[in-house]
Amino acid sequence: MLELLAPFTDEPGDSELSEALTNIVRKAMDVWDISRRDICQILIQTAPNPDDGGGWMREDGDLFEDPDNNVDMDATAIRSMSPICIFPKIVRGENSPTTIFRGRALFKESRLLALGRKESVDLQRMITDAHKQFAS
């Protein structure tokens with residue numbers, strides 16, 4: 001796994017990355033061992049529900065804030081956006097579920113989702129303009 005990820009790291013022999021990946025694999029193996037002995041189901045949910053406040057963390061994109069770039073989205077475009085799952089919610093049990101890990105998602109009021117929608121609209125406009133220019 002380290003060899004596969006090496007091109008994406010700053011230093012090929014990154015010991016912090018190696019240690020982090022080793023911990024992730026160990027924890028995954030622990031979950032696997034528990035799940036093999038446990039008759040309770042573990043569910044992976046990838047469809048974010050904005051009404052489930054305790055189960056999904058909202059990623060609002062504070063790290064990407066650009067104070068000079070105001071994104072105005074019309075209400076129709078915002079309503080048409082579907083939430084995007086960044087990391088799934090992990091739940092144990094079906095009848096009385098217990099959240100093991102709160103999922104992370106972008107919901108329709110997210111600034112990052114609005115920026116993506118604006119970029120998509122701008123690209124579509126550029127393509128349309130290029131087609132018109134090419135046709136004339």
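The values are calculated or read from the model by the stated rules, or taken from the named source; none is laboratory data. It should be emphasised that the depicted structure is a prediction, and the values quoted were computed from it without experimental measurement. Cβ sites come from the backbone with ideal geometry, for glycine too, and all protein chains shown count toward neighbours.
When 108, 118 are screened for being under 14 Å from the mean Cα position of the chain (by Cα) and surrounded by 14 or more Cβ atoms within 10 Å (Cβ to Cβ), only 108 passes.
Here residue 48 meets each of (1) in a loop (DSSP other than H, G, I, E, B); (2) modelled with pLDDT of 80 or more; (3) surrounded by fewer than 13 Cβ atoms within 10 Å (Cβ to Cβ) with one exception, condition (3).
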